[in-house]
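Below is one structure, written out as structure tokens; comments come after it.
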Amino acid sequence: MAPPSARLRYNANKSDIGSFVPKKHSKKPEKLPKKDLKNANGITALPVTIDSKVSIVPSIDTAFKTFISARLCSAIWAYISDCDETFNYWEPLHYIINGHGLQTWEYSPEFALRSYTYLLLQGVPGWIYQKLFDPSPILIFYMIRCILGFGCAVMERFMYKAISQEFGIHIGRLWLIFQLFSVGMFVSSTALLPSSFSMYFGCAALAAWWQMKYSLAIFFVAISSLLGWPFGGLIGVPIAVDMLLRKRLWKTFLIWGTISALTIGVPMVLIDSNYYGKFVVAPLNLVIYNVFTSHGPNIFGTEPWTYYVINGFLNFNIVWLFSLVTPIVLVLDHFVVPAKFKSTLNFPRYLSLAPLYVWLLVFFPQPHKEERFLFPIYPLISLCGAITVDVFQRLFYRLKSIFKSKLTSGSHYLDHSMFIAISVMLVSTLLGLSRVFSLYRNYHAPMDIVMELNQFAYSQEYQDDRIYNICIGKDWYRYPGSFFLPSNNFRLRFLKSEFRGMLPVYYSNEENGTKVVHPYFNDINQEDERTYFNYNNCDFLIYFDEGKYTALEPNYAKYSKEWTILKSLPFLIQEKSHKLFRAFYIPFFTDTYTSYGNFNLLKRKRQK
């Protein structure tokens, strides 16, 4: 059973967060109505006063609207930061909707690491839109992104309510601000990636758990790990510990585990097996490859442990640093602050916050590191950062009460420490906006460049009865996807460059193209010469001029007899730019300490 102080605060939270209407504050503290003073067991609690400052919190509906606004901004302005998102998800989805797209080795029936069921969940609205209205592919792209953003906002609404009830409305308020201006959420919320999908449902599972909706929590964890990313199941480990070891809810766990497996796992296996033409359990194949093969994902690159530390700061700035020290400050809080100020509703904090630190303990030691691997815990970073700020405020109030005995009797710690929260929110918001603006300014050019081909499709030169070859060399990983091309008669082609790894190829034109095994694919990232295209047959060429040239990577823009520059946009040259000023936009300084090259779209002067 929850401590009395926690239960009283829960009742206060329900009253305050349900339908808050700003009022003129009275000097006297506000008393809870008697009807709100009963706990879940019907026991009447003692009256409690709620400070007016605690009551100033956005309602759930207001928070939901702000989340939707922020995620729609992400859908429109966020760039695709990971080539895996393009080639492993947007390209197969383009194949499902429009009948052609690039295929990676993970989708070869020989390996079958990826689930088509996940793609269908995202792609059905786009497929319906395409069949009904036959829009430009770029409109389908942004429609799907907006749907992803809305789905993320629904998860955040659910989580906001649960956080405010379990941890307090002040922590909920801080979490709301940190989420809205988090660069990590700006990037991940509308990314077509299983790790983003796992974030939606994994954090929804935590929200259900904090509200003791165990059956819903199990179901959401199953969706996260089966339809999304199998490693997302880590978030459910503390939930399982609570159910099986603390609450002994074995029956509920087994029943809902079985229901989840039958309603989610079985349809997924049937759908994927139909697409691959053989029996496939894609999540299991992915785990086997990443954990039990001799080479695993390490052949695609390794990073030191500092990679996640730096990446976390770029995505959450000071909030990330606060989240790392949350366990320490909670221990300090335990010994310094009186117990009546710090109880939670249903769970001890070592358990309710465990998913974040279990995740970090598992992923930090892994040699192969990628930004998207931390997506599922992004909302938890904001939560732990908010808790740390709240503890700082309570510690400040405690110290002030010790050294300054003339504090008003019955005063609330927020009356004396809100300047700490406001300062953190302002700094975090400014750094977040600076980073978002820097990302758009530095890296959005490839999406705008490829989109320019839509203008060519309306010109008099365009012929709808021929194939246009869009060639790309060393910058292949910056290609945003076939949804940015005007129509089905535009094809991406790869030119040989200094890159020595495996490249995707187009799905077979056969009726069951997903079942065809290409000879180009392997699971050791080995180059295949057959994936390269003849330079002389290129109609357009995408090329980033960063001032470094080789025989395989010449300055194509200088070949003025062959090419004309259709469009050119600035793109950051990282090696020539200061790390701080390229990471954050700082007026009057960033332009001085950063360097840009031209990201070009070239058009052959004589079409072949």
Can you spot a residue in region 460-470 that is in a helix (DSSP H, G or I), out of contact with any Cys (no Cβ under 6 Å at 6 or more places or on another chain) and either surrounded by 18 or more Cβ atoms within 10 Å (Cβ to Cβ) or not assigned by the TED database to the domain that holds Val187 (or both)?
no
Output the residue which, of all residues in region 393-423 that are touching a His at 6+ places or on another chain (Cβ under 8 Å) and more than 20 Å from Ile169 (Cβ to Cβ), is modelled with the lowest pLDDT.
Leu407
Qualifying residue in region 430-439 (condition: more than 19 Å from the chain's Cα centre (by Cα), under 30 Å from Ala207 (Cα atoms), surrounded by fewer than 14 Cβ atoms within 10 Å (Cβ to Cβ) and in contact (Cβ under 8 Å) with a residue 40 or more places away in the chain)
no
Being touching a Lys or Arg at 6+ places or on another chain (Cβ under 9 Å), of a type outside the set (Asp, Glu), open to solvent by 50 Å² or more (accessible area, probe 1.4 Å) and at pLDDT below 95, is that true of even one residue in region 350-358?
no
Could you go through region 542-565 and let me know if any residue there is touching a Leu at 6+ places or on another chain (Cβ under 7 Å), surrounded by 14 or more Cβ atoms within 10 Å (Cβ to Cβ), of a type outside the set (A, V, I, L, M, F, W, C) and under 15 Å from Leu601 (Cα atoms).
yes
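Would you list the helices (runs of 4 or more DSSP H) that sit entirely within region 166-243 and hold 3 or more residues that are open to solvent by less than 10 Å² (accessible area, probe 1.4 Å)?
Working: elements: 169-180, 183-188, 194-210, 214-222, 237-241.
Of the helices (runs of 4 or more DSSP H) lying wholly inside region 166-243, those with at least 3 residues that are open to solvent by less than 10 Å² (accessible area, probe 1.4 Å) span 169-180, 183-188, 194-210.
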Could you figure out which of (1) in the same structural domain as Val319 (by the TED database); (2) touching a Gly at 6+ places or on another chain (Cβ under 9 Å) isn't true of Leu102?
(1)
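Which one of these is touching a helix residue (DSSP H, G or I) at 6+ places or on another chain (Cβ under 8 Å), at pLDDT below 95 and open to solvent by 40 Å² or more (accessible area, probe 1.4 Å): Val331, Val325, Val336, Val291? Steps first, answer last, please.
Details: Val331 fails: touching a helix residue (DSSP H, G or I) at 6+ places or on another chain (Cβ under 8 Å); Val325 fails: at pLDDT below 95; Val291 fails: touching a helix residue (DSSP H, G or I) at 6+ places or on another chain (Cβ under 8 Å).
Just a single option satisfies the conditions, and that option is Val336.
Those residues that are part of a loop (DSSP other than H, G, I, E, B) and open to solvent by 40 Å² or more (accessible area, probe 1.4 Å), I need them from region 440-458; list them, please. Walk me through it before giving the result.
Residues of region 440-458 part of a loop (DSSP other than H, G, I, E, B): 444, 452, 457-458.
Once the filter is applied, which keeps residues that are part of a loop (DSSP other than H, G, I, E, B) and open to solvent by 40 Å² or more (accessible area, probe 1.4 Å), region 440-458 yields Glu452, Tyr458.
The values are calculated or read from the model by the stated rules, or taken from the named source; none is laboratory data. Here the structure is a predicted model, which means the values were calculated and not measured. Cβ sites come from the backbone with ideal geometry, for glycine too, and all protein chains shown count toward neighbours. Please note that ligands, DNA and RNA were not included when accessible areas were found on the heavy atoms of the full protein model with its side chains. Shrake-Rupley method; radii C 1.70, N 1.55, O 1.52, S 1.80 Å.
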